[in-house]
Amino acid sequence: MAEYLPEVYQHFERRYPAVKEAFDALGSAEHDAGPLGERERRLIKLAIAVGAQSEGGVRSHVRKLLGVGVSEAEILHTIVLAITTIGFPATNAALSWAEEVLSEEG
């Protein structure tokens, strides 16, 4: 699966390459900072995006999870776990974003 990068992200990267490089380095450092494996880190990142109600974040993390072999059921279950913390409307919004990506990528 080819990596999907939204146009706004690509534009930022072209305009501020040094900032993008520093951002990528920070991302690598945070992933390497502890004992969690890639699968767990990426599921947590999805959960954070759901809690932040970040449509772009949810879509991005669903794509990344598919890229490391996480199943659709596991992705959707991760999102459903948010319902008692962030509520029904926000959780359903995140589910709809994830399901759109899953249907596009599936």
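The values are calculated or read from the model by the stated rules, or taken from the named source; none is laboratory data. No experiment lies behind these values; they were computed from the predicted model shown. Here the Cβ is made from the backbone with ideal geometry for all residues, glycine too, and neighbour counts use every protein chain on show. In case anyone asks, the SASA skips ligands and DNA or RNA and just uses the protein heavy atoms, side chains included. Shrake-Rupley method; radii C 1.70, N 1.55, O 1.52, S 1.80 Å.
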Expressed in square angstrom to the nearest 10, the accessible area of E72 with a 1.4 Å probe stands at 100 Å²
Taking only the alpha carbons of the chain, the radius of gyration and the largest Cα-Cα distance, Dmax, both in angstrom, are 14.3, 40
For F12, F88, the accessible-area ranking with a 1.4 Å probe, largest leading, is F88, F12
Order by accessible surface, 1.4 Å probe, largest leading, for residues T85, T91 comes to T85, T91
So, with points 7 Å from each Cα along the Cβ direction, the F88-L76 label distance in nm works out to 1.9 nm
